[in-house]
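Note sheet for the following structure.
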Amino acid sequence: QVQLLESGGGLVQPGGSLRLSCAASGIIFSIVGMGWYRQAPGKQREWVAIVSVGGTTKYADSVKGRFTISRDNAKNTVYLQMNSLKPEDTAVYYCNLDPPHDNYWGQGTQVTVSS
């Protein structure tokens, strides 16, 4: 059974940083692309960043230059380093495969950017 467990969220002031982690189990992690997605209150879930099997990364325009996605295949973990956070980054952040699989959404981790 596939499980994706996100952690690392919290309350941070504008301009601050957070590092999210997603531990995967039940999949052969090293052969799948992974992504981070987020859903803000009242909005649809959107993709934030993806990392391919080979390590190629892509970012949504709204986070480009501020967020960095990375993966550690030895730990079956994908990370999202978030710098220069803005109030509009407030959302529940999820990891999933790229493209996402409907059955693999976890609980997510809440990120709140507020002064």
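The values are calculated or read from the model by the stated rules, or taken from the named source; none is laboratory data. Note that this is a predicted model, so its numbers are computed, not measured. Backbone-built Cβ (ideal geometry, glycine too); neighbour counts: all protein chains shown. Ligands, DNA and RNA are stripped out before the accessible areas are found, and what is left, the full protein with its side chains, is counted by its heavy atoms. Shrake-Rupley method; radii C 1.70, N 1.55, O 1.52, S 1.80 Å.
Rounded to the nearest whole Å², what accessible area per residue is found for the chain with the 1.4 Å probe?
So the chain comes to 54 Å² accessible per residue, rounded to a whole number.
Which order do VAL53, VAL92 take when ranked by solvent-accessible area (1.4 Å probe, heavy atoms of all protein chains), largest first?
Values: VAL53 75, VAL92 35 Å².
Of VAL53, VAL92, the descending order of accessible area is VAL53, VAL92.
Over the chain, what is the relative contact order in percent, taking alpha-carbon pairs closer than 8 angstrom and at least six residues apart?
So the answer I get is 37 percent.
Would you mind computing, in nm to one decimal, how far apart the modelled labels at GLN44 and SER114 are, each placed 7 Å from Cα along Cα→Cβ?
2.7
If you build a Gaussian network model of the chain, linking Cα atoms that sit under 10 Å apart, which residue out of PRO99, PRO41, PRO14 swings the most?
PRO41
Which loop-located trypsin sites (Lys or Arg not before Pro) does segment 60-109 contain, where loop means any DSSP state but H, G, I, E or B and the Cβ has at most 16 other Cβ atoms within 10 Å?
LYS64, ARG66, LYS75
Could you check which residue among LYS58, LYS86, LYS43 shows the biggest mean-square fluctuation in a GNM of the chain with a 10 Å Cα cutoff?
Among LYS58, LYS86, LYS43, the largest GNM mean-square fluctuation belongs to LYS43.
Please calculate the 1.4 Å probe accessible area of GLU46, with all protein chains present, and give it to the nearest 10 Å².
In the full protein context, GLU46 sits at about 80 Å².
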